[in-house]
Amino acid sequence: MKIGNLKDAAKIADKVLDAERKHNHAISLYEAKAIGGEPAFWKSIIDNAALSPVTGRVLAIGLSQHGSVTIVNAGADSDESAILGLFWHAFETARSEGGKMIGWNIANFDVPFLVWRSAKFGVEMPMGIYRGRWLSDSFVDLMNYWPSMYSPWSQKSAWLGAKDAARFLGCSRPDDEIEGKDFWRYFLGSEAERAKAIRYLETDVVEETIIAKALGAI
């Protein structure tokens, strides 16, 4: 520690003792924060694990066509490879018929997640999912229509969710609805909890269909 211009031995000793007291107090505070913060740290790890293709997995995929919502392989013991295969088959079918696969933030999350999970299990994927760094024209990401930080009237990133866009268009959600990060907990829970998770996914699909129609994307 620095003692500045002090020459008096007693004053130097007092300064050193005061610095030692502050240091020990800081250590005690750090240890208390570390002990108290550990549960919150692990909770954040668990909460976000499902959002990574490394630690998460595909449990179900919701699709809507001609107003009919389908939940692909919505079972707790479903084979992930089979779910992925069914999705890519739906993609090829849509592309061959000149249709579009539409979703929210699919360029940054859903499609890359599905690609990496498919790669992990060796699930055959169709050619042309990407055009360089961009998605195939068969995909439409509705988030690109919503004002972002790069738009003339910028929005905070927290306002860039599909729920916000749907709410803007007049859609409402149940008061007791689960949060997206907890989908897996409910899906793998009791029969009643799984049903609640499926309803959440179905609502997402319906809302994104409403958004797409409002924007003229379909």
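Along the charge dipole of segment 61-214, pointing to its positive end and built from +1/-1 on Cβ of Lys, Arg, Asp and Glu, which listed residue (ILE178, SER68, TRP88) has its Cα farthest out? Of ILE178, SER68, TRP88, it is TRP88.
Given the choices [x] 21.6, 67; [y] 22.5, 84; [z] 25.7, 90, Rg and Dmax of the Cα atoms in Å derived from the coordinates of this structure is entry [z].
Can you list the aspartates and glutamates whose alpha carbon is less than 14 Å from that of LYS196, not counting same-chain residues fewer than 8 positions off? By straight Cα distance, LYS196 reaches ASP175, ASP176, GLU177, GLU179, ASP182, ASP204. Counting only residues at least eight positions apart within a chain, or on another chain, the lysines with an alpha carbon under 17 Å from that of LYS33 are LYS22, LYS43. Taking label points 7 Å from Cα along the Cα-to-Cβ direction, LYS7 and LEU215 give a separation of 7.6 nm.
Can you give the calculated 222 nm mean residue ellipticity of the chain, where each DSSP H run of n ≥ 4 adds -39,500 (n - 2.57) and the sum is split over every residue, rounded to the nearest 500 deg cm²/dmol?
-16000 deg cm²/dmol
Bear in mind that the values in this text are calculations on the coordinates, not laboratory data. Computed from a prediction, not measured in an experiment: that's the story for all the values here. Counting neighbours? That spans all protein chains shown, and the Cβs are built from the backbone with ideal geometry, glycine included.
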